[in-house]
1. Filter segment 248-282 down to the residues that are of a type in the set (Asp, Glu) and open to solvent by 40 Å² or more (accessible area, probe 1.4 Å), then identify the one that is farthest from Asp228 (Cα to Cα).
2. In the set Pro61, Pro71, which member is assigned by the TED database to the domain that holds Gly12 and modelled with pLDDT under 85?
3. Anything in segment 286-322 that is modelled with pLDDT under 90 and part of a strand (DSSP E or B)? List them, or say none.
4. Determine the pairs where a residue that is assigned to a helix (DSSP H, G or I), located within segment 325-348, has a partner that is modelled with pLDDT of 90 or more and polar (S, T, N, Q) with Cβ atoms under 9 Å apart, the partner being 6 or more residues away or on another chain.
5. Go through segment 283-318 and count every residue that is closer than 16 Å to Gly229 by Cα and surrounded by 15 or more Cβ atoms within 10 Å (Cβ to Cβ).
6. Go through segment 69-112 and give me each residue that's within 18 Å of Glu38 (Cα to Cα) and charged (D, E, K, R).
7. Quick check, is Glu58 over 15 Å from Leu141 (Cα atoms), open to solvent by less than 50 Å² (accessible area, probe 1.4 Å) and not aromatic (Phe, Trp, Tyr)?
Amino acid sequence: MIEIGTLMDFFGSLSILGMLAIFYGSIRRALPGTWIAESLLGILFGVVAVMQMNAPFEPIPGLIIDMRNVPMVLAGAFLGARGMLLCMVLAIAARLQIGGIGALAGVASILIAGAAGAFWNAATARRTRGPLAMLGLVMLLSTHLVSVVFLPLDVAIWFMVNAAPILIVLYLLSVPVVAGLLDRERRQMLKEAELRRAANIGASDGLMPKEAFAWTLVQASVTGSLRDGASIIAIELRHRGALARIWGTEADKIATAALSARLDALVPDGGIVGWIGPDQAMMAIPAMSDRAKTDFLMHIRREVSSDPIPVPGMAAIRLSLELDARTYDAVPPLDRILTDMKIKKVGKAQIIPVKRKRAGLAKPKRFAEMQTQTKTARRRRDDLFGTFDRLREARFGQI
């Protein structure tokens with residue numbers, strides 16, 4: 001008859017395994033990207049396997065067993081190759097440190113259990129993982145018992161007669177429960193990912209692309225709201241690459257869309273805003289004083305960065321910006337603006353100015369008349385040719 005102490009030992013091991021489902025869901029949601037979450041979970045599953053090795057229990061007198069291979073097969077089934085390998089490395093290192101005549105058999109059983117979980121994951125990836133699938137996982141896990149071939153013959157026979165049946169019963173009681181909890185978390189996270197994708201379906205990023213922004217900037221500086229000067233603000237979304245690596249490409253798209261929506265809501269009357277790079281935007285507004293420009297930059301940073309972006313099924317995203325601003329009496333071509341700005345990662349401008357050719361222009365008949373012209377009239381006359389060149393380039397491309 002099984003003693004109460006033995007049952008308590010088993011349920012203690014089962015509770016530790018059950019905690020894996022809690023950590024699995026929490027870490028996956030906090031870090032839904034691929035490699036970081038898988039790595040952390042692989043280490044966690046490996047630590048649990050080491051704990052199982054160091055906390056064996058004795059179901060019958062003289063037979064000491066542990067549940068080390070349960071986290072192994074679960075790592076292979078739910079963590080992917082990276083997480084499974086990290087879990088295996090920790091477990092194998094711990095088993096080799098323990099030593100004994102069963103060290104080689106123990107390492108082989110760890111490798112077989114992890115591979116069994118990976119095979120089960122591939123076989124059931126497109127199927128409903130019901131009770132039969134969980135039973136199949138138990139059967140696959142039980143294949144690690146073939147590692148007894150690395151034991152001396154008499155020990156191997158004794159193990160298969162006395163320990164193997166008990167281990168299979170323990171696997172039947174524990175693996176379907178823990179695997180079911182993990183699979184429920186997995187299915188819930190898939191639904192949350194669908195919600196995130198559905199939120200972005202058909203949604204525009206709101207801002208005009210670089211070419212359209214360059215053309216609109218020329219028009220506004222010639223005949224529109226920016227003809228008397230403009231303040232140009234460059235906005236760069238910082239850590240965009242880190243967002244994709246840590247939280248995944250969905251977070252990257254959500255952050256870009258949120259930046260677009262918040263900037264579009266902030267642009268004042270007479271201003272324009274558009275993309276100049278994958279993670280860089282530019283805003284052109286009627287010329288401001290230095291004090292007003294500083295206040296507006298603070299307003300942009302506060303409105304864009306202060307409120308984190310809630311995302312279904314994962315941690316909220318907070319945008320971090322790098323800003324630069326310049327004020328021009330006459331708006332230059334976009335490539336010169338990009339050169340003036342501190343932000344270095346922007347690409348080349350789409351509109352490249354051609355050199356002005358004035359050799360064929362008629363000289364003024366009366367020099368005295370030109371001396372009496374006002375500075376404003378002189379500037380407008382000098383800018384006429386440049387304006388024509390910029391409009392022609394924006395309309396027909398480079399010449």
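The values are calculated or read from the model by the stated rules, or taken from the named source; none is laboratory data. Being a predicted model, the structure only gives us computed values, none of them experimental. When we count neighbours, we look across all protein chains shown, and the Cβ atoms used for this are built from the backbone with ideal geometry, even at glycine. Keep in mind that these areas ignore ligands, DNA and RNA; they rest on the heavy atoms of the full protein, side chains included. Shrake-Rupley method; radii C 1.70, N 1.55, O 1.52, S 1.80 Å.
1. Kept after step one, since they are of a type in the set (Asp, Glu), are these residues of segment 248-282: 250, 252, 264, 269, 279.
Imposing the further condition that a residue be open to solvent by 40 Å² or more (accessible area, probe 1.4 Å) reduces the set to 250, 264, 269.
Numbers: Glu250: 42, Asp264: 23, Asp269: 15 Å.
In this case the residue turns out to be Glu250.
2. Values: Pro71 fails: modelled with pLDDT under 85.
After ruling out the rest, the residue left standing is Pro61.
3. Ile309, Pro310, Val311, Met314, Ala315, Ala316, Ile317, Leu321, Glu322
4. Taking only residues 6 or more apart or on different chains, not a single pair turns up.
5. Narrowing segment 283-318 to residues closer than 16 Å to Gly229 by Cα: 283-290, 292-293.
Checking which are surrounded by 15 or more Cβ atoms within 10 Å (Cβ to Cβ) leaves us with 283-288, 293.
Selection size over segment 283-318: 7.
6. Answer for segment 69-112, where residues must be within 18 Å of Glu38 (Cα to Cα) and charged (D, E, K, R): just Arg82.
7. On the way: over 15 Å from Leu141 (Cα atoms): yes; open to solvent by less than 50 Å² (accessible area, probe 1.4 Å): no; not aromatic (Phe, Trp, Tyr): yes.
For Glu58, the condition - over 15 Å from Leu141 (Cα atoms), open to solvent by less than 50 Å² (accessible area, probe 1.4 Å) and not aromatic (Phe, Trp, Tyr) - is not met.
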